[in-house]
Amino acid sequence: MPKSSPFIGYWLKTTLSLWVIAFVCFYLSDTEIISLDPWSELQRMGLGLVSPDFFATEYLLEALWQTVSFALLGVFVGLLWGAPLALVYTNRFIAAMCAVIRSIHEIFWALLFLQIFGLSPITGILAIALPYGATFARVFHDILLQSPVTTVQTLPAHTDKISRYFYGRISHVIVPILAYIRYRFECALRSSAVLGFIGMPTLGFYLETAFRQGNYHEGAALLILFITLIGTISFWCRPTLIILYLFCAVFTLPNIPSVDGMLLWRFISQDILPPALQNLDGFSQFDFTQLLNWAYKILLEQALPGMILTLLLALSALAMAHLVSVSASALAFKPLTGSIFSSVMKLLLLILRSIPEYIFAFIFMMLLGPSMLPAMLALALHNGALIAFLTLRQSDTVSVSADFNGRIDGYCYDILPKIYPNLMGLLFYRFEVILRETAIFGILGVATLGFYIDSAFSEIRYSTALLLMACTALLNIVVDLVSRRLLTQSTRGGLACR
Amino acid sequence: MVNFEDLTLKYTDKLAISQLSLSIKHGEKVAIIGPSGAGKSTLLFHLYSLLKDNAAFCSQKQGLVDGLSTYHNVYMGSLARHNWLYNVVNLVTPFSVPLGEVNGLCHELSLDVPMAKLLAELSGGQRQRVALARALYQRQPIFIGDEPFSALDPLMAEHLLKLVLARHSSAIMVLHDKSQALSHFDRIIGLREGKLCLDVTQDELTPELLAHFYSHESFPQPCNA
């Protein structure tokens with residue numbers, strides 16, 4: 001084994017390994033550029049963007065409000081069940097249950113609930129509330145763990161438990177928790193829009209229709225509205241107004257169609273069972289080999305290739321996101337590139353991170369043809385921009401040394417070592433998100449696990465869909481465990497850059 | 001008040017206190033001195049855990065909450081005097097009685113900041129006085145403090161020390177230097193490497209004795225106190 005140089009530290013090794021793995025993945029992926037006439041399509045998109053038509057969409061205001069109200073109610077219900085669970089998250093059963101719920105993308109939950117409740121608001125709200133609640137439980141638990149214990153030590157003896165908890169623990173973490181809820185609300189807006197893809201009456205529904213039909217003037221207008229909506233959250237979403245919004249959201253919900261009890265029962269007792277278990281009169285009819293064959297066939301023909309493609313796509317996208325985030329956070333750093341250029345870059349980052357991945361994927365698919373490349377680029381741009389944005393928040397507070405020369409070499413010596421561990425931490429955290437988001441590309445036709453799940457639902461093979469969803473959950477949980485282990489190994493004793 | 005023999009305390013990797021015997025009577029004002037790493041804080045925290053029913057503890061780590069106001073940080077000293085509902089409601093809208101009390105206490109400590117000011121916005125010296133105010137607001141007969149005046153100027157430190165000593169019948173404090181603050185205490189205890197190396201009353205304390213105690217700082221020699 002060659003002797004490693006003492007100067008090749010942990011982060012350098014991690015970065016190099018990431019690049020080697022991603023290179024192999026990229027090589028194995030289908031990234032062929034097939035494009036017939038991308039420029040005319042792009043030209044029409046560009047034209048649409050410069051002359052957006054805000055009056056083309058018939059139910060524009062309703063769609064906007066439904067997007068907001070699904071997000072609000074979803075986050076609210078998620079908080080209702082997720083926040084209390086954070087207190088008992090140390091329980092292994094609870095943690096495992098949350099991990100499974102969290103690892104399944106909103107859109108799959110929505111597809112599942114769609115079969116039970118139909119196009120009812122319950123579908124949309126539950127689809128957001130379930131995975132978000134599970135995420136709240138874990139994140140709040142993590143935040144609570146980080147709160148210092150010295151306060152509790154100095155409280156008077158005989159302080160009752162509740163006061164001890166509120167003054168000693170909650171008060172330390174209330175600021176990061178509120179910030180996190182706010183951030184998740186932004187995510188929920190995006191999720192809520194995505195639900196339009198499967199027919200919920202949110203912005204995504206009209207957005208997809210407009211783009212598919214080539215109404216780029218209308219599509220651009222919707223996109224601009226959506227970005228503005230996300231970019232101005234801090235203006236319209238005041239803490240005091242939230243209760244008012246919640247009331248409005250409840251009262252303006254579309255009518256909830258009554259749920260047919262018989263149908264629901266049939267769904268649970270018949271439809272979601274594998275063929276071998278359906279219509280059984282007694283245990284004697286149970287055919288175990290038939291069940292095994294069924295599972296084996298799905299696992300081999302759909303789950304395995306789906307998983308491989310999902311991983312190839314996610315890993316390649318991860319490395320690309322790394323590249324985007326490192327370069328973008330340097331370009332938008334004010335002392336390096338000047339105030340005008342960095343402001344423009346920051347605006348660009350805001351736009352890039354507000355545009356949902358699938359819109360990018362859609363645009364790139366027009367330009368580059370149907371392959372995995374559009375999906376990779378879309379994931380890389382969106383996540384890279386988000387990581388760069390979060391990194392910039394840190395680098396803007398890092399004190400620049402007095403003799404900073406304002407050049408790229410100075411940046412690499414002075415700033416990059418300070419922000420890099422955090423950047424990599426965010427990147428690995430985002431890997432889990434990237435993996436989940438590959439689900440949407442399945443719906444757009446890239447043969448990830450999401451593609452097979454979507455097909456199974458549309459062929460009304462619920463049992464197949466459920467088995468594949470379980471595989472997705474398993475894959476996400478394994479990846480989450482591995483990346484957490486990598487992170488804790490490196491952050492033992494603080495995130496030091498070595 | 002407190003009495004133990006042959007006490008040994010250790011962390012996972014190192015010995016903090018070894019075979020230490022100590023007895024402190026009611027009404028005594030005891031100062032603990034010694035070089036850093038001598039085990040002063042460990043001993044003090046042990047004393048607090050023995051006396052905590054009647055003692056207010058002012059930790060070196062302060063245990064302040066950055067996200068709360070100055071008022072709330074001081075109010076935390078009185079948590080044990082109220083029921084939980086009162087405390088939780090007070091967290092959202094402060095009650096006027098404790099607000100007045102805390103405001104008055106802060107004035108006495110020359111801490112003239114708005115009560116609603118977030119703790120994160122205070123300076124180092126102000127933060128230390130908030131921690132001190134919280135301990136005073138516990139209104140206990142015994143005060144246990146770990147360098148409670150280290151971030152203050154000598155004049156302010158002396159003023160506050162007198163105030164603290166006047167309000168508690170007994171006091172045990174770690175002080176980090178051989179300052180003249182020692183003259184306010186009845187008894188001075190010196191620790192070195194987890195051992196008791198000095199235990200004298202105020203009358204017995206001479207500058208030579210102190211100089212002798214500190215002169216061994218870098219030499220791990222057996223003590224003969």
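Just a few scattered comments:
- Helix-only mean residue ellipticity at 222 nm for chain A, each DSSP H run of n ≥ 4 adding -39500 (n - 2.57), per residue, nearest 500: -24000 deg cm²/dmol
- Violating pairs (Cα-Cα greater than 28 angstrom) within the set A:LYS161/B:LYS61; B:LYS14/B:LYS61; A:LYS161/B:LYS195; A:LYS418/B:LYS10; A:LYS346/A:LYS418; B:LYS29/B:LYS52: A:LYS161/B:LYS195; A:LYS418/B:LYS10
- Sorted into 10 angstrom bins from 0, the C-alpha pair distances of segment B:64-139 split as 21, 60, 19, 0 percent.
- In nm, spacing of pseudo-spin labels at B:GLN202 and A:LEU178 (7 Å Cα→C-beta vector): 4.8 nm
- Ranking A:VAL344, A:VAL324 by solvent-accessible area of protein heavy atoms (1.4 Å probe, all protein chains present), from largest to smallest, gives A:VAL344, A:VAL324.
- Note on surface exposure: A:MET97, B:MET115 rank A:MET97, B:MET115 by accessible area, highest first, 1.4 Å probe.
- Simple label model, 7 Å out from Cα along Cβ direction - A:ILE224 to A:VAL149, nm: 5.6 nm
- Rounded Å value of the spacing that divides the Cα centres of segment B:105-147 and segment A:95-112: 48 Å
- Spatial extent of segment A:57-271: Rg and Dmax, with the Cα atoms as the point set, Å: 19.9, 70
- Computing FRET efficiency as 1/(1 + (r/R0)^6) for A:VAL344 and A:GLU459, where r is the C-beta to C-beta distance and R0 is 56 Å, gives about 0.70.
- A:ILE243 exposes around 110 Å² of accessible area when a 1.4 Å probe is run over every protein chain in place.
- Dipole of the protein assembly as shown, positive direction: furthest Cα of A:VAL77, A:LEU119, B:ILE24, with charges on the beta-carbon: B:ILE24
- Were the residues from A:PHE55 through A:ILE477 laid out at 0.36 nm apart, the gain over their Cα-Cα distance would be 147.5 nm.
- About its Cα centre, the protein assembly as shown has a charge dipole of approximately 940 debye under the convention of +1 per Lys or Arg Cβ and -1 per Asp or Glu Cβ, with nothing else charged.
- With the helix formula -39500 (n - 2.57) applied to DSSP H stretches of n ≥ 4, chain B reaches a computed 222 nm mean residue ellipticity of -10500 deg cm²/dmol.
- Choice from B:SER69, B:SER41, B:SER23 showing the highest fluctuation, given a GNM over chain B with Cα pairs closer than 10 Å: B:SER23
- Exposure of A:ASP142 as accessible area (Å², to 10), given a probe of 1.4 Å and all protein chains: 40 Å²
- Estimated FRET transfer efficiency (A:TRP236, B:LEU99; beta-carbon r; R0 41 Å; 0.05): 0.75
- Gain on full extension, evaluated as 0.36 nm per residue between A:ASP142 and A:LEU367 minus their Cα-Cα distance, stands at 76.8 nm.
- Amide N proximity, segment B:62-91 versus B:LEU9 label position 7 Å along Cα-to-Cβ, cut-off under 20 Å: B:62-64
- Normalised by the number of residues in segment B:64-139, the mean separation of alpha-carbon contacts (under 8 Å, six or more apart) gives a relative contact order of 57 percent.
- Sites listed here are trypsin sites (Lys or Arg not before Pro) in segment B:46-130 whose DSSP assignment is loop and whose Cβ has at most 14 other Cβ atoms within 10 Å: B:LYS61, B:LYS117.
- Whole-Å distance, taken between Cα centres, linking segment A:209-258 and segment A:56-92: 13 Å
- The magnitude of the dipole of segment B:64-139, with charges of +1 and -1 set on the Cβ of Lys/Arg and Asp/Glu and taken from the Cα centre, is near 180 debye.
- Label point at A:LEU304 placed 7 Å out along Cα→Cβ; residues across segment A:442-465 whose backbone nitrogen lies under 20 Å: A:447-453, A:456, A:464-465
- Size-normalised alpha-carbon gyration radius of the protein assembly as shown, reference 2.2 N^0.38 Å: 1.19
- The relative contact order of segment A:158-294, computed from alpha carbon pairs under 8 Å that lie at least 6 residues apart in sequence, is 9 percent.
- Between A:ARG393 and A:ASP260, the modelled labels are 4.7 nm apart [label points 7 Å from Cα along Cα→Cβ].
- For segment A:211-322, fraction of C-alpha pairs farther apart than 16 Å, in %: 82 percent
- Exposure rank, largest accessible area first [B:SER183, A:SER147, A:SER258; 1.4 Å]: A:SER258, B:SER183, A:SER147
- Springs join every pair of Cα atoms under 10 Å in this Gaussian network model of chain B, and among B:CYS58, B:CYS197, B:CYS106 the largest mean-square fluctuation is at B:CYS197.
- FRET efficiency for A:LEU28 and B:SER49, using Cβ-Cβ distance with R0 set to 45 Å, rounded to 0.05: 0.15
- Segment A:353-375 residues near the modelled A:LEU47 label - backbone nitrogen below 18 Å, point 7 Å along Cα→Cβ: A:366-367
- Distant-in-sequence amide H partners of B:GLY34 (H built 1.01 Å from N, under 5 Å): B:LEU191
- Per-residue SASA entry for A:GLU208, accessible area with 1.4 Å probe, Å² rounded to 10: 40 Å²
- Relative contact order computed over segment A:57-271 (Cα-Cα under 8 Å; 6+ residues apart), in percent: 30 percent
- Shielding by partners, peptide B:65-73 (average Cβ within 10 angstrom, other chains): 4
The values are calculated or read from the model by the stated rules, or taken from the named source; none is laboratory data. Values in this document were obtained by computation on a predicted structure and should not be read as measured data. Cβ: placed from backbone, ideal geometry, glycine included. Neighbour counts: every protein chain shown. Surface accessibility is based on the protein's heavy atoms, side chains included, excluding ligands, DNA and RNA. Shrake-Rupley method; radii C 1.70, N 1.55, O 1.52, S 1.80 Å.
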